[in-house]
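The values are calculated or read from the model by the stated rules, or taken from the named source; none is laboratory data. Keep in mind it's a predicted model, so treat the numbers as computed, not measured. Reconstructed Cβ throughout: ideal geometry from the backbone, glycine too, with neighbour counts over all protein chains shown.
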Amino acid sequence: MTSANIASTGNPPVRIIDTTLRDGSHAVSHSFTVQQVRDISKALDHAGVPIIEVTHGDGLAGSSFNYGFSAVRDIDLVAAAAEAVTDAKIAVLLLPGLGTVHDLREAHAAGAGMARVATHSTEADVSVQHFGAARDLGMETAGFLMLSHRTEPARLAKQARTMADAGCQCVYVVDSAGALLPDGVRTRVDALVQELGDDAMVGFHGHQNLSMGVANSVEAYRAGARSIDGTLRALGAGAGNTPTEVLVTVLDAMGIPTGVDVEAALAAAEEVLAPIVRRMPVMDRSSIVQGRYGVYNSFLLHAERAADRYGVPAYQILRRVGEAGYVGGQEDMIIDVAIELAGLQRQAGEHNERVSA
Amino acid sequence: MDHRPRPIAAIVGPGNIGTDLLIKLQRSGTLDVRYMIGVDPASDGLRRARELGVEASAGGVDWLLDQEVVPDVVFEATSAKAHDANAPRYREAGIAAVDLTPAAVGPFVCPAVNLDEHLDAGGGTAPNINMITCGGQATIPIVSAVSRVTPVPYAEIVASISSRSAGPGTRANIDEFTETTSHALQAVGGAARGKAIIILNPVEPPMVMRDTVFAAIGPDADREAITESVHRMVAEVQQYVPGYRLKSEPQFDEPRPDWDGNGRVAVFLEVTGNGDYLPPWAGNLDIMTAAAARAGEQLALAWAHTKPDATNQKVQVAAK
């Protein structure tokens, strides 16, 4: 299909937000350098991606013992990205309870034009002060309802309403664990579209744990989502995100306008990102377990580290974390669970020794 | 035996916190809790207080200061804005104040760490102390336990609480929690730099409050001494918060280059409430009322026996 044909399909356009430099930060343990951020932002900007998110994986002020320290302060990375682009807007993520309005002001001063405020999918009211501050700063806004799979559509829509009323211009159904299947995406996006009407856009942020990133994004679009997240080569937490270059290729094939140059997006993935990143996220036992049990994707590398330190399998830690209902941000509980499992393992070992004796 | 009359206390703010505090203070018996103050005559909290034998009024602080016998100590369980307005009036009336709001008019106090430093009312002025935050009350003792053994260049805490225990005030200004707690980790905990994180978890049945303390320590820090100090501090906090406990032994990590060459100690805590008025999972609220009760009792005893003569005080107030 040629682009002339696409223009004639009459499909409404969709906005692509690339978060390689934010969600992808998890997959590189927050080690992005100024030069890498410059190169990746420039390539995305050249491809016509309108918004590029740059922050520590856990958002502003995420650099910490609990989430991992950044090699370069994310405010400096925001500034580097803002300098490297000509058209794209730079977005930052903020998780209330971790990042503050003070951090947002700093990011804005460094060149961020959009604030994305993320809460667990039942806790939207903690974002009210941050949306207010972002709008006062003149920033565009989006809200993230994390681990949306845990919250039923009607309740999720009410949470979206809280964000929209606080000044949020686009509310995202965020599949933080890659646990949603297309039905679950459709009912949630539909509920938000019905609730928000013209008050705010609806967005979708997908992950690859069950290999559904692109398919779920297409489903979200069909249900009315008009802003969709991706990362180059799926670089992201857990099994990785919806791959931006595949997403725009599929949308192009469907005749859905994105404004992104597919060739340039493929080049950004192949020629800029691939040489930078040594270890790409994969759908392996641990990350599939995350998808199946709905475990926050950023927990993966932390679970692997705790597995090494305490001698228990990462997927068992993740499963236990999922059963306990821990939410985004509770990375400390991974160590807690690993200690508990190691204790049980030791007890079982001692018991077996006694039995065999 | 001390035969002096018990200091008189008032609680301002008849919400869940105020009621839980009342139950704790009555059980302890150190103070004579005489008044519960609100602003809404239909308040359940005022009714509950009356049932517990306390004189309750919806007349606000105006009513309280009009009483023939004003209290020695007031517990403020309202809002930062209300306490900002009330604090000077308490001081002028010679009433010591224990502030459970984020107003922080007075110094941060964590009973197990620095209460003794703030019991002395310098110059005869009624003292005012602030109870920091729930996460601060749970974690600052541990940071202090480490920093009294070895320098702590950086301390970070994660407080996880049940969504149902986070009230509208906390939700509307969650930055206040992170900022206040961070400052207190330094000012009271003794860390050179502090960082605080709060997580609201909606899981049902509600999760019990959890707190994790990460402290950076030098590569040669004495691990045995730190562990011993942490255990001693936990026992100290348990004196007033019986449900405060270590989930596991302190965990030590080797120094790493990305930690500026420092090692790390991690301490995992669980805070189960006493279930007085608030449910046991709301350990975050319980540790605030328990710490406030502890601090208020000591403060009132110290203040009631050192303040200028109560009768004169009353005359001075009346003359204004």
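Condition first: closer than 14 Å to B:Gly296 by Cα and either crowded, with 21+ Cβ neighbours inside 10 Å or basic (Lys, Arg) (or both). Can you find one or more residues in region B:34-54 that meet it?
Within region B:34-54, the subset closer than 14 Å to B:Gly296 by Cα is none.
Within region B:34-54 (the criterion being closer than 14 Å to B:Gly296 by Cα and either crowded, with 21+ Cβ neighbours inside 10 Å or basic (Lys, Arg) (or both)), the answer is no, since none of the residues qualifies.
Looking at A:Leu104 and the list (1) out of contact with any Asp or Glu (no Cβ under 9 Å at 6 or more places or on another chain); (2) within 14 Å of chain B (Cβ to nearest Cβ); (3) closer than 26 Å to A:Asn209 by Cα, which single condition is not satisfied?
Here A:Leu104 meets the rest and fails (3).
Based on this model, can you work out whether A:Leu95 counts as within 14 Å of chain B (Cβ to nearest Cβ), touching a residue at least 60 places away in the same chain (Cβ under 8 Å) and closer than 20 Å to A:Asp136 by Cβ? Give the derivation first.
Details: within 14 Å of chain B (Cβ to nearest Cβ): yes; touching a residue at least 60 places away in the same chain (Cβ under 8 Å): yes; closer than 20 Å to A:Asp136 by Cβ: yes.
When the stated conditions are applied, A:Leu95 passes them.
For (1) touching an Asp or Glu at 6+ places or on another chain (Cβ under 6 Å); (2) closer than 23 Å to B:Asn284 by Cβ; (3) without any contact (Cβ under 8 Å) to a residue 60 or more places away in the chain, each residue gets a yes or a no:
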site: B:Ala10; (1), (2), (3): no, no, no
site: B:Asp44; (1), (2), (3): no, yes, yes
site: B:Ser57; (1), (2), (3): no, no, yes
site: B:Ala87; (1), (2), (3): no, no, yes
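Quick one: how many residues across region B:234-250 are under 16 Å from B:Arg27 (Cβ atoms) and hydroxyl-bearing (Ser, Thr, Tyr)? Full working, then the answer.
Just the residues of region B:234-250 that are under 16 Å from B:Arg27 (Cβ atoms), to begin with: B:239-243.
Next, only the ones that are hydroxyl-bearing (Ser, Thr, Tyr) stay: B:240.
So the count comes out to 1.
Which residues, counting only those in region B:278-306, are assigned to a loop (DSSP other than H, G, I, E, B) and either more than 16 Å from B:Ala126 (Cβ to Cβ) or of a type in the set (Asp, Glu) (or both)?
If we filter region B:278-306 for residues that are assigned to a loop (DSSP other than H, G, I, E, B), which is where we start, we get B:278-282, B:305-306.
If the condition is that a residue be assigned to a loop (DSSP other than H, G, I, E, B) and either more than 16 Å from B:Ala126 (Cβ to Cβ) or of a type in the set (Asp, Glu) (or both), then B:Leu278, B:Pro279, B:Pro280, B:Trp281, B:Ala282 are the ones that fit.
Kindly list the number of the only condition in (1) within 14 Å of chain B (Cβ to nearest Cβ); (2) in contact with a Ser or Thr (Cβ under 8 Å, 6 or more places away or on another chain) that fails for A:Ala306.
(2)
The rows are residues; the columns are (1) touching a strand residue (DSSP E or B) at 6+ places or on another chain (Cβ under 7 Å); (2) without any contact (Cβ under 8 Å) to a residue 24 or more places away in the chain; (3) not charged (D, E, K, R).
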site	(1), (2), (3)
B:Phe214	yes, no, yes
B:Pro219	yes, no, yes
B:Arg223	yes, no, no
B:Glu236	no, no, no
B:Tyr244	yes, no, yes
B:Asp276	no, no, no
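Please pick out the residue among B:Ala172, B:Ala192, B:Ala215, B:Ala196 that is among the hydrophobic types (A, V, I, L, M, F, W, C) and more than 21 Å from B:Ile142 (Cα to Cα). Write out each step before concluding.
Values: B:Ala192 fails: more than 21 Å from B:Ile142 (Cα to Cα); B:Ala215 fails: more than 21 Å from B:Ile142 (Cα to Cα); B:Ala196 fails: more than 21 Å from B:Ile142 (Cα to Cα).
When all the criteria are applied, what remains is B:Ala172.
A:Tyr293 is checked against (1) at pLDDT below 95; (2) crowded, with 24+ Cβ neighbours inside 10 Å; (3) hydroxyl-bearing (Ser, Thr, Tyr) and fails just one. What number does that condition carry?
Evaluating A:Tyr293 over (1) at pLDDT below 95; (2) crowded, with 24+ Cβ neighbours inside 10 Å; (3) hydroxyl-bearing (Ser, Thr, Tyr) leaves (2) as the failure.
Go through region B:238-282 and count every residue that is of a type in the set (D, E, K, R) and under 30 Å from B:Arg48 (Cβ atoms). Spell out how you get there, then give the answer.
Quick first cut of region B:238-282, residues of a type in the set (D, E, K, R) only: B:245, B:247, B:249, B:253-254, B:256, B:258, B:260, B:264, B:270, B:276.
Keeping just the survivors that are under 30 Å from B:Arg48 (Cβ atoms) gives B:245, B:270, B:276.
Number satisfying all stated conditions: 3.
Can you tell me which residue is farthest from B:Glu297 (Cα to Cα) among those in region B:36-75 that are among the hydrophobic types (A, V, I, L, M, F, W, C) and in a loop (DSSP other than H, G, I, E, B)? Walk me through it before giving the result.
Residues of region B:36-75 among the hydrophobic types (A, V, I, L, M, F, W, C): B:36-37, B:39, B:42, B:46, B:49, B:52, B:54, B:56, B:58, B:61, B:63-65, B:69-70, B:73-75.
Next, from what is left, pick out any that are in a loop (DSSP other than H, G, I, E, B): B:39, B:42, B:52, B:54, B:58, B:69-70.
On the way: B:Val39: 25, B:Ala42: 29, B:Leu52: 19, B:Val54: 17, B:Ala58: 25, B:Val69: 18, B:Val70: 16 Å.
Among them, the one singled out is B:Ala42.
For B:Thr178, state whether it is more than 14 Å from every other protein chain (Cβ to nearest Cβ), among the hydroxyl-bearing types (Ser, Thr, Tyr) and without any contact (Cβ under 8 Å) to a residue 24 or more places away in the chain.
Details: more than 14 Å from every other protein chain (Cβ to nearest Cβ): no; among the hydroxyl-bearing types (Ser, Thr, Tyr): yes; without any contact (Cβ under 8 Å) to a residue 24 or more places away in the chain: yes.
No; evaluated as a whole, the condition is false for this residue.
Tell me the residue from B:Ile198, B:Ile129 that is of a type outside the set (Asp, Glu) and closer than 20 Å to B:Ala82 by Cβ, please.
Within the list B:Ile198, B:Ile129, the selection yields B:Ile129.
The conditions are (1) in contact with a helix residue (DSSP H, G or I) (Cβ under 8 Å, 6 or more places away or on another chain); (2) in contact (Cβ under 8 Å) with a residue 40 or more places away in the chain; (3) of a type in the set (Phe, Trp, Tyr); (4) within 14 Å of chain A (Cβ to nearest Cβ), and B:Trp259 fails exactly one of them. Which is it?
So the condition that B:Trp259 fails would be (1).
Of everything in region B:178-202, what is of a type in the set (A, V, I, L, M, F, W, C) and either in contact with a Lys or Arg (Cβ under 7 Å, 6 or more places away or on another chain) or modelled with pLDDT under 95 (or both)? Give them in sequence order.
Pass one, region B:178-202, residues of a type in the set (A, V, I, L, M, F, W, C): B:184-185, B:187-188, B:191-192, B:196-200.
Listed by number, the list is empty, since nothing qualifies.
Could you check B:Glu117 against (1) in contact with a His (Cβ under 6 Å, 6 or more places away or on another chain); (2) at pLDDT below 95 and say which number it fails?
(1)
Could you list all residues from region A:314-332 that are assigned to a helix (DSSP H, G or I) and either surrounded by fewer than 24 Cβ atoms within 10 Å (Cβ to Cβ) or at the interface with chain B (Cβ under 7 Å from one of its Cβ atoms) (or both)?
Residues of region A:314-332 assigned to a helix (DSSP H, G or I): A:314-324, A:332.
Residues satisfying the conditions are A:Tyr315, A:Gln316, A:Arg319, A:Arg320, A:Gly322, A:Glu323, A:Ala324, A:Asp332.
So which residues in region A:119-134 are free of Cβ contacts under 8 Å to residues at least 40 places away in the same chain, surrounded by 23 or more Cβ atoms within 10 Å (Cβ to Cβ) and at the interface with another protein chain (Cβ under 7 Å from one of its Cβ atoms)?
A:Glu123, A:Val126 - these are the residues of region A:119-134 that are free of Cβ contacts under 8 Å to residues at least 40 places away in the same chain, surrounded by 23 or more Cβ atoms within 10 Å (Cβ to Cβ) and at the interface with another protein chain (Cβ under 7 Å from one of its Cβ atoms).
Being under 20 Å from A:Val282 (Cα atoms), more than 15 Å from the chain's Cα centre (by Cα) and at pLDDT 95 or above is true for just one of A:Leu210, A:Leu232, A:Leu192. Which residue is that? Full working, then the answer.
Numbers: A:Leu232 fails: more than 15 Å from the chain's Cα centre (by Cα); A:Leu192 fails: under 20 Å from A:Val282 (Cα atoms).
A:Leu210 is the lone residue from the list that is under 20 Å from A:Val282 (Cα atoms), more than 15 Å from the chain's Cα centre (by Cα) and at pLDDT 95 or above.
State yes or no: is B:Thr78 among the hydroxyl-bearing types (Ser, Thr, Tyr), under 18 Å from B:Leu278 (Cβ atoms) and not in a helix (DSSP H, G or I)? Show your work before the answer.
Working: among the hydroxyl-bearing types (Ser, Thr, Tyr): yes; under 18 Å from B:Leu278 (Cβ atoms): yes; not in a helix (DSSP H, G or I): yes.
Yes; evaluated as a whole, the condition is true for this residue.
I'd like the residue in region B:120-166 that is more than 14 Å from chain A (Cβ to nearest Cβ) and assigned to a strand (DSSP E or B) and, out of all such residues, is surrounded by the most Cβ atoms within 10 Å (Cβ to Cβ).
Initially, region B:120-166 is screened for residues more than 14 Å from chain A (Cβ to nearest Cβ), giving B:120-132, B:136-137, B:140-141, B:144-145, B:147-151.
The next check asks that each one be assigned to a strand (DSSP E or B); those that pass are B:128-130.
On the way: B:Asn128: 25, B:Ile129: 25, B:Asn130: 27.
Residue satisfying both the conditions and the ranking: B:Asn130.
How many residues are more than 10 Å from chain A (Cβ to nearest Cβ) and within 18 Å of B:Ala221 (Cα to Cα) when one looks only at region B:263-280?
Here the count works out to 3.
Residues checked against (1) of a type in the set (D, E, K, R); (2) closer than 19 Å to A:Thr20 by Cα; (3) in contact with a helix residue (DSSP H, G or I) (Cβ under 7 Å, 6 or more places away or on another chain):
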{"site": "A:Pro275", "(1), (2), (3)": "no, yes, no"}
{"site": "A:Val282", "(1), (2), (3)": "no, yes, no"}
{"site": "A:Ala342", "(1), (2), (3)": "no, no, yes"}
{"site": "A:Gln345", "(1), (2), (3)": "no, no, no"}
{"site": "A:Ala348", "(1), (2), (3)": "no, no, no"}
